[in-house]
Amino acid sequence: MYSERKPLRRFLLFVLIGFALVFVVRQPDKAAIATTHAFNGLMAVADALASFAGNLG
């Protein structure tokens, strides 16, 4: 079952990377802003998890 999905997953990954590259090339300012927002979101999640773990014990 997993081997049947592998080509589909590879194709979807290829398409996603292609869209990302086109976005970066055609609209670099918006791509930079989106990357900054994504990184800030990940940092907020990491901070929340660290806060949660610190308050457990």
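Every number in this text was worked out from the coordinates using simple rules, so none of it is lab data. Keep in mind it's a predicted model, so treat the numbers as computed, not measured. Here the Cβ is made from the backbone with ideal geometry for all residues, glycine too, and neighbour counts use every protein chain on show.
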Report task. Label region 8-57 by shape, choosing from rounded, prolate and oblate, from the square roots a ≥ b ≥ c of the eigenvalues of the Cα gyration tensor; if a/c is under 1.5 it is rounded, and otherwise prolate applies when a/b is larger than b/c, oblate when it is not. Result -> oblate
Query raised in the report: Against the longest principal axis of the chain, how steep is helix 2-26, in degrees 0 to 90 to the nearest 10, with axes from Cα atoms?
Result: 90 degrees
Query raised in the report: So how strong a dipole does the chain carry about its Cα centre when Lys and Arg Cβ are +1 and Asp and Glu Cβ are -1, to the nearest 20 debye?
Result: 340 debye
Query raised in the report: What angle do you read, to the nearest 10 degrees and between 0 and 90, between the alpha-carbon axis of helix 28-56 and the longest principal axis of the chain?
Result: 40 degrees
